[in-house]
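These notes are about the structure you will find just below.
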Amino acid sequence: MPNLIASDSPDASPLLVVGSVAFDNVITPQAEQERILGGAASYCSFAASYYTQVRMVGVVGNDFTESDMDRLRARGIDLEGVQRDQSGPTFFWKGKYHENFNRRDTLDIRLNVFENFRPDLPQSYVDSDFVLLGNIHPALQSHVLDQLSGNPFVLADTIDLWIETEREALLSLIQRVSLFVINDSEAEELTGESNIILAGNKLRQMGPDSVIIKKGEHGAILFHENGMFALPAYPVTQLHDPTGAGDSFAGALIGRLASRNCSGFSAIKEAMLYATCTASLTVEAFGCDRLESADNSLIEKRVESLKQLISVA
């Protein structure tokens, strides 16, 4: 049984995670697997559960069983905010990765019950001090923020679809978040800047206190008022399924911040180490399987290895 929560502080805060829950069919150059538990909320919650208590908000359909729920409960994830919609099946995605995993094709996508999903928070969630908004419609992300009390630290993710179709809503949302996470191609599309440094600085000017631009196998760069920080990816040798790696990165990052109840420049840099190493687990198996079977000691070993990799001492 993997360790459930490894918090550094007795003042650890719970983390609110809002996003999609899905079943995926994934085809890679080596294998194919069906009915994989996926979706941004699933990956984010599994990854964050290594660090703090997770409050999960999403919607599942009539094909989502108690056994599926039990997989999440086994990680100590609070499921009060997961809506059950019996009118149809759970969100479904099918994709195929190309030979070097650097490109994938969507073969089928069915929104199903996710099409009418509205993330209404249980009353017990509205006081969350740390919030992760998965890459759902920016209007729904804003709807979540409207329900929260206090002044939470908010990490928001997005995808190219919303940049192309809901730009104004996304720009409005960005002004309300603490940390905006985006990949390099999306950053270029949103800012018009092909230079990643210029893109990062421009994104910060749009409102968020901090920005992280992910570069996949080449790591990530943090842009903050106190400076920049670049971190390589953890060197993975067993790549099986990269689906959900970005969501795992985001979940582990803010989960680590919540565990320390801290969100300053140094804390974000340290959390990026843990996020990178947690995300490295995700790609080593299909779906959330590796996140379920690993433990905190393995992540700590990878963090120490990554520290040595970037050290000049």
### Message
Exactly one condition in (1) in contact (Cβ under 8 Å) with a residue 40 or more places away in the chain; (2) open to solvent by 10 Å² or more (accessible area, probe 1.4 Å); (3) outside any helix (DSSP H, G or I); (4) more than 21 Å from Thr158 (Cβ to Cβ) is false for Tyr274; which is it?
### Response
(3)
### Summary
Taking region 174-183 and the residues there that are touching a helix residue (DSSP H, G or I) at 6+ places or on another chain (Cβ under 6 Å) and surrounded by 17 or more Cβ atoms within 10 Å (Cβ to Cβ), the one that is farthest from Asn102 (Cα to Cα) would be Phe180
### Query
Taking region 97-116 on its own, how many of its residues are on the phi > 0 side of the Ramachandran plot and either hydrophobic (A, V, I, L, M, F, W, C) or touching a Leu at 6+ places or on another chain (Cβ under 7 Å) (or both)?
1
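Is it the case that some residue within region 34-46 is in a strand (DSSP E or B), touching a Lys or Arg at 6+ places or on another chain (Cβ under 8 Å), aromatic (Phe, Trp, Tyr) and buried (at least 16 other Cβ atoms within 10 Å of the Cβ)?
Quick first cut of region 34-46, residues in a strand (DSSP E or B) only: 34-38.
Narrowing the set further to residues that are touching a Lys or Arg at 6+ places or on another chain (Cβ under 8 Å) leaves 37.
Next cut, aromatic (Phe, Trp, Tyr) only: none.
No, region 34-46 contains no residue that is in a strand (DSSP E or B), touching a Lys or Arg at 6+ places or on another chain (Cβ under 8 Å), aromatic (Phe, Trp, Tyr) and buried (at least 16 other Cβ atoms within 10 Å of the Cβ).
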### Task
Find all pairs meeting these conditions: Cβ atoms under 7 angstrom apart; at least six residues apart or on different chains; first residue within region 178-202 and part of a loop (DSSP other than H, G, I, E, B); second residue among the polar types (S, T, N, Q).
Ser178/Ser210; Ser178/Ser263
### Task
Specify which of the listed residues (Val82, Val59, Val26, Val17) is in contact with a helix residue (DSSP H, G or I) (Cβ under 6 Å, 6 or more places away or on another chain) and under 20 Å from Ser248 (Cβ atoms).
Val17
### Query
Considering only residues of region 129-142 that are part of a loop (DSSP other than H, G, I, E, B) and touching a Ser or Thr at 6+ places or on another chain (Cβ under 7 Å), which is surrounded by the fewest Cβ atoms within 10 Å (Cβ to Cβ)?
Asp129
### Message
Can you pull out every residue in region 231-241 that is open to solvent by 50 Å² or more (accessible area, probe 1.4 Å) and either free of Cβ contacts under 8 Å to residues at least 24 places away in the same chain or part of a strand (DSSP E or B) (or both)?
### Response
Thr237
### Task
Return yes or no: is Ala267 open to solvent by less than 10 Å² (accessible area, probe 1.4 Å) and either on the phi > 0 side of the Ramachandran plot or within 16 Å of the chain's Cα centre (by Cα) (or both)?
no
### Task
Count, please, the residues in region 98-108 that happen to be open to solvent by less than 100 Å² (accessible area, probe 1.4 Å) and in a strand (DSSP E or B).
4
### Query
Is it true that Met228 is among the hydrophobic types (A, V, I, L, M, F, W, C) and open to solvent by 40 Å² or more (accessible area, probe 1.4 Å)?
yes
### Message
If I go through region 203-225 residue by residue, how many of them are open to solvent by 20 Å² or more (accessible area, probe 1.4 Å) and part of a loop (DSSP other than H, G, I, E, B)?
### Response
5
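Yes/no per residue for (1) part of a strand (DSSP E or B); (2) open to solvent by 80 Å² or more (accessible area, probe 1.4 Å); (3) at positive phi; (4) at pLDDT 95 or above:
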| residue | (1), (2), (3), (4) |
| --- | --- |
| Tyr50 | no, no, no, yes |
| Gly76 | no, no, yes, yes |
| Leu79 | yes, no, no, yes |
| Gln83 | yes, no, no, yes |
| Ser87 | no, yes, no, yes |
| Arg118 | no, yes, no, yes |
| Leu121 | no, no, no, yes |
| Asp127 | no, yes, no, yes |
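The values are calculated or read from the model by the stated rules, or taken from the named source; none is laboratory data. This is a predicted model, so every value here is computed, not measured. A quick note on method: Cβ atoms are made from the backbone with ideal geometry, for glycine too, and the neighbour counts reach across all protein chains shown. The accessibility values were calculated without ligands, DNA or RNA, using every heavy atom of the protein model including side chains. Shrake-Rupley method; radii C 1.70, N 1.55, O 1.52, S 1.80 Å.
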